[in-house]
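Below is one structure, written out as structure tokens, with a few remarks after it.
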Amino acid sequence: MSVTKSEKNTLYGSKGKTPKELGYYFPAEFSPHKATWLSWPHKELSWPGKINKIYKPYSEFIAEVSKGEEVNINVVNVEMEEFALRYIKQTEANTDNIKFHIHPTNDAWCRDHGPAFLINPTSSEHRKSIVNWEFNAWGDKYPPYDLDNEIPLLIAKKEKLPVFSPGIVMEGGSVEFNGKGTVLTSRSCLLNKNRNPHLNQNRIEDYLKNFYGVDQVLWVDDGIVGDDTDGHIDDTVRFVNEDTVLAVVESNPEDENYELLQVNLRQLKEMRLLNGKPLNIIELPMPAPVFYEGYRLPASYANFYIANKSVIVPVFNCENDEIALNIIRNSFPDRNVVGIDSTDIVWGLGSFHCLSQQEPEV
């Protein structure tokens, strides 16, 4: 399936109004899902020397998500679908919940190139829509990305959903929502000149409010070392309910992540939500540093994915794994918290949250 030029010009929202004006908003990840969207990994350059090692943990991730919701997987062709199924069938996946879509991609990071689904439970016409942000591979770092940039429109066409196209670059991993009008993000990413150099902080906030349907934008300064996204929030701060966040901290003062995470923590403590309350902050440890071929990788327990029945957490074969898992278990008492080895996956400079995008239930 492809999107024609005329469809690109007509797949827009209603009567020139923004999603917020029409009553749409981006729900929190911990809200009920209809499905999870993925793009099957196939780009050797994203995991040089390791891509064959990631299919097992990636399939285990799919299996866990499939226990509680549909899993929609973008693939390049039928051969890739058959290849993927061979791995998935080696797990305990609910294959009845798994669907493949011939939507060619350049890469696997569906959090950033996938559709941002909005809902409007009161709408009499379309109760769900898609925001079609532009994608430029994190500041034009990894061309080509033309196929990835088409994915939201392909899915909108397949699902027959209205589309809003703001015309600016935005990535799903750069924003974190509480579902009650607040979005968290980082200055190092959204204000980076390699994304939208013509926009200042106020204008970025206008886009976030109007196209995600939020009322408040809260900013931390930075992301973790080794993160090629310039500081995505999904490696540092995550909402677990409408007023509670897990914030990663580094305990070793000599570690290069220590001070920047302390700055973020101080900023979080000063924040107030729309109701005037401070954030309830739970500190989450960082794993021991993960290196590959001398490169510091962006390993973080915060890159977990909240599915309907599970929370899938990247773990890294270190002593902090169980500490982090217990903290996350206490934060999600109604879900099964599962750790899956991400030591090979994080060589691609991301993990389970980066690889997935939720589609909310209305």
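Filter the helices (runs of 4 or more DSSP H) completely within the stretch 128-219 down to those with at least 2 residues that are crowded, with 17+ Cβ neighbours inside 10 Å and acidic (Asp, Glu).
146-159
What is the residue count in the stretch 86-105 for residues that are over 21 Å from Leu154 (Cβ atoms) and of a type in the set (A, V, I, L, M, F, W, C)?
Counting residues in the stretch 86-105 that are over 21 Å from Leu154 (Cβ atoms) and of a type in the set (A, V, I, L, M, F, W, C) gives 2.
Restricting attention to the stretch 220-229, which residues are of a type in the set (A, V, I, L, M, F, W, C) and without any contact (Cβ under 8 Å) to a residue 60 or more places away in the chain? Steps first, answer last, please.
Taking the stretch 220-229 first, the residues of a type in the set (A, V, I, L, M, F, W, C) are 220, 224-225.
Listed by number, the list holds a single entry, Val220.
Within the set of pairs 6+ apart or on separate chains, which have a first residue in the stretch 59-71 that is in a helix (DSSP H, G or I), a second that is among the hydroxyl-bearing types (Ser, Thr, Tyr) and surrounded by 19 or more Cβ atoms within 10 Å (Cβ to Cβ), and C-beta atoms under 6 Å apart?
Cβ pairs passing all conditions: Glu64/Ser310; Val65/Thr36.
Yes or no: Lys269 of a type in the set (D, E, K, R), over 30 Å from Lys43 (Cβ atoms) and touching a strand residue (DSSP E or B) at 6+ places or on another chain (Cβ under 9 Å)? Even if it seems obvious, please write down each step before you answer.
On the way: of a type in the set (D, E, K, R): yes; over 30 Å from Lys43 (Cβ atoms): yes; touching a strand residue (DSSP E or B) at 6+ places or on another chain (Cβ under 9 Å): yes.
Spelling it out, Lys269 is indeed of a type in the set (D, E, K, R), over 30 Å from Lys43 (Cβ atoms) and touching a strand residue (DSSP E or B) at 6+ places or on another chain (Cβ under 9 Å).
How do the pairs read when you match residues in the stretch 186-197 that are under 11 Å from Trp219 (Cα atoms) with residues anywhere that are among the acidic types (Asp, Glu), using Cβ under 6 Å and keeping only pairs 6 or more apart or on different chains?
What qualifies is Arg187/Asp221; Ser188/Asp222; Ser188/Asp230; Cys189/Asp230.
Is there any pair linking a residue in the stretch 277-289 that is part of a strand (DSSP E or B) to one that is among the hydroxyl-bearing types (Ser, Thr, Tyr) and surrounded by 13 or more Cβ atoms within 10 Å (Cβ to Cβ), with Cβ under 6 Å and at least six apart or on different chains, and which?
Taking only residues 6 or more apart or on different chains, the pairs are Asn280/Thr244; Leu284/Tyr301.
Ser123 passes all but one of (1) modelled with pLDDT under 95; (2) under 21 Å from the mean Cα position of the chain (by Cα); which number fails?
Unmet for Ser123, out of (1) modelled with pLDDT under 95; (2) under 21 Å from the mean Cα position of the chain (by Cα): (2).
Tally the residues that are within 17 Å of the chain's Cα centre (by Cα) and among the aliphatic types (A, V, I, L, M), restricting the search to the stretch 134-154.
Residues meeting the conditions: 2.
Among the residues in the stretch 240-247, are any in a helix (DSSP H, G or I) and over 16 Å from the mean Cα position of the chain (by Cα)?
Going residue by residue through the stretch 240-247, those that are in a helix (DSSP H, G or I) are none.
So far as the stretch 240-247 goes, no, none of its residues is in a helix (DSSP H, G or I) and over 16 Å from the mean Cα position of the chain (by Cα).
Residue by residue, here is whether (1) in contact with an Asp or Glu (Cβ under 9 Å, 6 or more places away or on another chain); (2) among the hydroxyl-bearing types (Ser, Thr, Tyr) holds:
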residue: Thr236; (1), (2): yes, yes
residue: Thr244; (1), (2): no, yes
residue: Asn252; (1), (2): no, no
residue: Leu261; (1), (2): yes, no
residue: Lys269; (1), (2): no, no
residue: Asn275; (1), (2): yes, no
residue: Ile282; (1), (2): no, no
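Tally time: how many residues in the stretch 206-219 are touching a strand residue (DSSP E or B) at 6+ places or on another chain (Cβ under 6 Å), free of Cβ contacts under 8 Å to residues at least 60 places away in the same chain and within 15 Å of Trp133 (Cβ to Cβ)?
1
From the list Glu176, Glu159, Glu125, which one is among the charged types (D, E, K, R) and within 21 Å of Glu205 (Cα to Cα)?
Working: Glu159 fails: within 21 Å of Glu205 (Cα to Cα); Glu125 fails: within 21 Å of Glu205 (Cα to Cα).
None of the others qualify; the one that does is Glu176.
Has the stretch 331-349 got at least one residue that is over 25 Å from Trp40 (Cα atoms) and either without any contact (Cβ under 8 Å) to a residue 12 or more places away in the chain or in contact with a Gly (Cβ under 6 Å, 6 or more places away or on another chain) (or both)?
Initial filter on the stretch 331-349 (over 25 Å from Trp40 (Cα atoms)): 331-335.
Filter once more, keeping what is either without any contact (Cβ under 8 Å) to a residue 12 or more places away in the chain or in contact with a Gly (Cβ under 6 Å, 6 or more places away or on another chain) (or both): 333-334.
The answer is yes; a qualifying residue exists.
Taking only the stretch 306-334 into account, find how many residues are in contact with a helix residue (DSSP H, G or I) (Cβ under 9 Å, 6 or more places away or on another chain) and more than 18 Å from Asp234 (Cβ to Cβ). Give the derivation first.
Let us first name the residues in the stretch 306-334 that are in contact with a helix residue (DSSP H, G or I) (Cβ under 9 Å, 6 or more places away or on another chain), namely 307-316.
Still in the running and more than 18 Å from Asp234 (Cβ to Cβ): 308-309.
Looking only at that region, the number is 2.
Select from the stretch 220-244 the residues that are among the charged types (D, E, K, R) and under 17 Å from Pro27 (Cα atoms) and write down the one among them that is surrounded by the fewest Cβ atoms within 10 Å (Cβ to Cβ). Outline the logic, then answer.
Going through the stretch 220-244, the residues among the charged types (D, E, K, R) turn out to be 221-222, 227-228, 230, 234-235, 238, 242-243.
Adding the requirement that they be under 17 Å from Pro27 (Cα atoms) leaves 234, 238, 242-243.
Details: Asp234: 29, Arg238: 27, Glu242: 18, Asp243: 15.
For the stretch 220-244, the residue satisfying everything is Asp243.
What number of residues in the stretch 309-326 are in contact (Cβ under 8 Å) with a residue 40 or more places away in the chain and either hydroxyl-bearing (Ser, Thr, Tyr) or surrounded by 19 or more Cβ atoms within 10 Å (Cβ to Cβ) (or both)? Give the steps one after another, and end with the answer.
Our first condition is that a residue be in contact (Cβ under 8 Å) with a residue 40 or more places away in the chain; within the stretch 309-326, this holds for 309-310, 312, 324.
Next cut, either hydroxyl-bearing (Ser, Thr, Tyr) or surrounded by 19 or more Cβ atoms within 10 Å (Cβ to Cβ) (or both) only: 310, 312, 324.
So the count comes out to 3.
Identify all residues within the stretch 82-101 that are without any contact (Cβ under 8 Å) to a residue 24 or more places away in the chain and outside any helix (DSSP H, G or I); write none if there are none.
Within the stretch 82-101, just Lys89 meets the criteria.
Which residue is farthest from Ile224 (Cα to Cα), if the candidates are limited to the stretch 255-266 and must be surrounded by fewer than 17 Cβ atoms within 10 Å (Cβ to Cβ) and either of a type outside the set (Phe, Trp, Tyr) or out of contact with any Ser or Thr (no Cβ under 9 Å at 6 or more places or on another chain) (or both)? So that I can check it myself, show each step before the final result.
Of all residues in the stretch 255-266, those surrounded by fewer than 17 Cβ atoms within 10 Å (Cβ to Cβ) come to 255-256, 258-259, 262-263, 266.
Subsequent filtering for residues that are either of a type outside the set (Phe, Trp, Tyr) or out of contact with any Ser or Thr (no Cβ under 9 Å at 6 or more places or on another chain) (or both) retains 255-256, 259, 262-263, 266.
Details: Asp255: 11, Glu256: 9, Glu259: 10, Gln262: 11, Val263: 12, Arg266: 16 Å.
Among residues in the stretch 255-266 that are surrounded by fewer than 17 Cβ atoms within 10 Å (Cβ to Cβ) and either of a type outside the set (Phe, Trp, Tyr) or out of contact with any Ser or Thr (no Cβ under 9 Å at 6 or more places or on another chain) (or both), the one farthest from Ile224 (Cα to Cα) is Arg266.
The values are calculated or read from the model by the stated rules, or taken from the named source; none is laboratory data. Quantities reported herein were computed from a predicted structural model and do not represent experimental measurements. All Cβ positions, even for glycine, are placed from backbone atoms using ideal geometry, and neighbour counts span all protein chains on display.
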